[in-house]
Amino acid sequence: TALEKMLDGKQYIAGEAFTAADAYLFTVLNWAGMHKIDLAPWPNIQAYMGRVGQRPKVQEALKAEGLIK
């Protein structure tokens, strides 16, 4: 819930700029799927994951790790 509030009105953790903190947060939040944790109760977190997940370098890393095709 704290993270949900922190992301309210922001593109990224620190505001409008993507930082190393976002790379780490995306990685940790991505584990939610592996642990069958539904992020639906937190729409800001879901939107954040979508934004970060669509970044070209994130897509490249996910493909290199075999997490997506």
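For this structure, a couple of remarks:
- Matching residues, the stretch 13-29, being farther than 14 Å from VAL58 by Cα and surrounded by 11 or more Cβ atoms within 10 Å (Cβ to Cβ): ILE13, ALA14
- Restricting attention to the stretch 38-69, the residues that are of a type outside the set (D, E, K, R), over 14 Å from the mean Cα position of the chain (by Cα) and modelled with pLDDT of 95 or more add up to 2.
The values are calculated or read from the model by the stated rules, or taken from the named source; none is laboratory data. It should be emphasised that the depicted structure is a prediction, and the values quoted were computed from it without experimental measurement. Here Cβ is always computed from backbone atoms with ideal geometry, including for glycine, and neighbour counts include all displayed protein chains.
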